Amino acid sequence: LLSDRLSPVHALAYSRDSDMIAVGLADYSGVVLRLPTGSKSVPLVGHKGPLTSAKWSTLANHVITTAADRSCKVWDVTNGCLITDIKYKDGNTKNCEKIEFKKDTVGGHFYYIDKFILLAHMNELLLYKHHAEKGKNSKRVLGRYQSICCSTMLHTITALSCCNSFYSTLVVCGLSDKSICIYDYNQEEVALKIPDAHTRAPHHVTTIDGSKYVPHSPETHNLIMSCSVMDDVKLWDVRSGQCIKSYNKSNRVASIPSISSCVRYLAVPGEDHAVHLFDIRGSVQSVRYRLITY
């Protein structure tokens, strides 16, 4: 689909109905492709650094991206226009001015069924109220946002994930002290902390959103996945804070595993130029497959 582009892919995200895919590239741009042919593409141009993440809204009409230029932007996927450019609200400045982020942002998620935007900045968990609508005198969608809450962690946030397909007040964070914490916005406190979850700081955590097209047990929402460089991919039960399964597929690079919509399979990129598929329901030893060589 991207044969005409020479830039490496840094981020990849499917829309909830799997009709479109958002791609973040190293050439400071992104693109939204309509599947399966990718014939209709919408460019996302405006960042000044390589894109680091891309996430969809529930209705698949907006995409939020973050980049290495310390920016976070919301896009209209119908025409590629910029809707909102999120800024940092500095409480130390006069009148709490909105300024550029001081460090790289982590995450960038639509949250609570698109009512909020959630992202991490250093050791701060930032929550913004977001609203987008068409202007009165134009067809362009305009966005407004307001800083709602800034929660401070004891350590730098290295990974971030939340559920957006249903109302959930829980947010999962990977921290620089190798731990994983679950923050509850309802209580405004850390509900659970898993110390020494990995041998290094987690670079990726995932909550189980599921899919409206595939039936699955409500118990799957109690699972989270995490991974770090030179360590196993792990599944955790948030009720007990225990690791219930560990998949021995350590990499020397920060690869991003993915869980299928039916919450049955786990795909992990490997250093052997292949993608390995694990069956979450079965034993680890008997269901490890080499699928694709690229």
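The values are calculated or read from the model by the stated rules, or taken from the named source; none is laboratory data. It should be emphasised that the depicted structure is a prediction, and the values quoted were computed from it without experimental measurement. Counting neighbours? That spans all protein chains shown, and the Cβs are built from the backbone with ideal geometry, glycine included. Please note that ligands, DNA and RNA were not included when accessible areas were found on the heavy atoms of the full protein model with its side chains. Shrake-Rupley method; radii C 1.70, N 1.55, O 1.52, S 1.80 Å.
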Cα-projected label distance for residue 99 with residue 184, points at 7 Å along beta-carbon direction, nm: 3.5 nm
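Return one whole number: the accessible area per residue of the chain in Å², for a 1.4 Å probe.
51 Å²
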Using a 1.4 Å probe and counting only protein heavy atoms, arrange 225, 122, 230 so the residue with the most accessible area comes first. 230, 122, 225
Considering amide H positions built from the backbone, and no H for Pro or chain starts, which residues 5 or more places from residue 159, or on another chain, come under 5 Å of its amide H? 174
Of 235, 126, 35, which has the largest mean-square fluctuation in a 10 Å C-alpha GNM of the chain? 35
Cβ-Cβ cut-off under 9 Å around residue 62, Lys and Arg +1, Asp and Glu -1: the net charge is -2
Taking θ = phi - 60°, what integer Hz values does the Karplus form 6.51 cos²θ - 1.76 cosθ + 1.60 yield along segment 260-265, in sequence order, with x for Gly and Pro? 5, 5, 7, 6, 10, 10
Given springs between every Cα pair under 10 Å in a Gaussian network model of the chain, which of 70, 144, 16 has the largest fluctuation? 144
For residue 154 and residue 177, compute 0.36 nm times the residue count separating them, minus their Cα-Cα distance, and round to one decimal in nm. 7.4 nm
Residues with beta-carbon under 11 Å from that of residue 142, excluding residue 142: net charge, scoring Lys, Arg +1 and Asp, Glu -1? +3
At 1.4 Å probe size, with no ligands or nucleic acids counted, give the accessible surface of residue 172 in Å², nearest ten. 10 Å²
Pull up all non-local amide H partners of residue 192: gap of 5 or more, or a different chain, and H-to-H distance under 5 Å with H placed in the peptide plane. 182
Treating cross-link reach as a plain straight distance, find the lysines whose alpha-carbon is under 20 Å from the alpha-carbon of residue 134, omitting any fewer than eight places away in the same chain. 73, 115
For the pair residue 147 and residue 213, what calculated FRET efficiency results from E = 1/(1 + (r/R0)^6), where r is the Cβ-Cβ distance and R0 = 45 Å, to the nearest 0.05? 0.80
For residue 239 and residue 273 in one chain, what is 0.36 nm times their gap in residues minus the Cα-Cα distance, to one decimal in nm? 8.7 nm
Rolling a 1.4 angstrom probe over the protein chains, ignoring ligands and nucleic acids, what is the accessible area of residue 110 in square angstrom, nearest 10? 10 Å²
Most mobile of 247, 88, 167 in a GNM of the chain (Cα contacts under 10 Å): 167
Assuming R0 = 30 Å, can you tell me the calculated FRET efficiency for the pair residue 133 and residue 12, based on Cβ-Cβ distance, to the nearest 0.05? 0.55
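After finding the eigenvalues of the alpha carbon gyration tensor for the chain, what semi-axes result from the square roots of 5 times each, listed largest first in whole Å?
Numbers: eigenvalues 169, 118, 67 Å².
Equivalent ellipsoid of the chain: 29, 24, 18 Å, largest first.
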Quick calc: nm separation of the 7 Å Cα→Cβ label points for residue 82 and residue 37 -> 3.2 nm
Could you pull out every one of the lysines with an alpha carbon less than 29 Å from that of residue 245, ignoring same-chain neighbours closer than 8 positions? 55, 178, 193, 212, 234
Each label point is 7 Å from the Cα along the Cα-to-Cβ direction; what then is the distance between the points at residue 252 and residue 167, in nm? 5.0 nm
Taking the Cα atoms of segment 141-294, what is the range of coordinates along each of the three principal axes, in descending order and whole Å? 46, 37, 37
Can you put 27, 184, 85 in order of accessible area, largest first, using a 1.4 Å probe? 27, 85, 184
May I have the extent of the alpha carbons of segment 43-191 along their three principal axes, as whole Å values ordered from largest to smallest? 47, 35, 31
